[in-house]
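**Student:** Submitted below is the structure of interest, expressed as structure tokens.
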Amino acid sequence: MKQFLLMLCAAVLALGLVACQSGGPSVEDFGLTGTWVTEFEPKQENGETLKSKAEVTFSGNTYKYSWFKKLIAEDGSIIHNWSETARETGSVSVSSDYMEWTAKSYGTAEYNKGTQAWSPVNMKSATNDYAIYYSIEGDKLTLMEDYNLDGDFDDVIGVPETIVYTKEK
């Protein structure tokens, strides 16, 4: 009987160690791997049209979240094409409808009106945590984050609390 209990304890310990080493589920396990893109409503300013989009890329247990801008002149010519204006990178832990992002770095680019160009993104350390609910339907990923902590996902605080992304092909 002692031998059986000893073998049972050893098996439980071995399974526990294997589970710890695997790091838990990854984005691949939930169909999140790849790049997802969304475009926001364009804004008109001084006859110019400013377009914005966001792109989130998942791989393993990491994410990269980038923001881009495109400026179009009144005559339709492009002043600057899709330029990366900000980026955040970090780790992600995920379950079937919920994920947590932990930022490791964040950076922004500066716009130079004289050259009408963006600088490279200047990355710095970051330590932000995000709680995000999500759902996937076909090539659509919906991310829901309660920015103002009021218990819903229907507010717009700079950007909407609920954003639908399309998987980039």
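The values are calculated or read from the model by the stated rules, or taken from the named source; none is laboratory data. Quick caveat: nothing in here was measured; it's all calculated off a predicted structure. Ideal geometry is used to build each Cβ from the backbone, glycine not excepted, and the neighbour counts take in all protein chains shown. Keep in mind that these areas ignore ligands, DNA and RNA; they rest on the heavy atoms of the full protein, side chains included. Shrake-Rupley method; radii C 1.70, N 1.55, O 1.52, S 1.80 Å.
**Student:** Would you please name the residue that is farthest from the chain's Cα centre (by Cα), looking only at residues in the stretch 111-138 that are part of a loop (DSSP other than H, G, I, E, B) and free of Cβ contacts under 8 Å to residues at least 24 places away in the same chain?
**Tutor:** My answer is G114.
**Student:** Name the single residue, out of those in the stretch 117-168 being out of contact with any strand residue (DSSP E or B) (no Cβ under 9 Å at 6 or more places or on another chain) and closer than 23 Å to G90 by Cα, that is most open to solvent (accessible area, probe 1.4 Å).
**Tutor:** L149
**Student:** Quick one: what pairs do we get from the stretch 42-53, first residue touching a residue at least 12 places away in the same chain (Cβ under 8 Å) and part of a strand (DSSP E or B), second open to solvent by 60 Å² or more (accessible area, probe 1.4 Å) and of a type in the set (F, W, Y), C-beta under 9 Å, 6+ apart or different chains?
**Tutor:** Sorted first by the residue in the stretch 42-53, then by its partner, the pairs are K51/W82; S52/W67; K53/W67; K53/W82.
**Student:** Here is a follow-up. Return the pair list, or none, for Cβ contacts closer than 6 Å from residues in the stretch 64-79 that are farther than 15 Å from E110 by Cα to residues that are in a loop (DSSP other than H, G, I, E, B) and open to solvent by less than 50 Å² (accessible area, probe 1.4 Å), at least 6 apart or on different chains.
**Tutor:** Close Cβ pairs satisfying both conditions: E74/G47; I79/A73.
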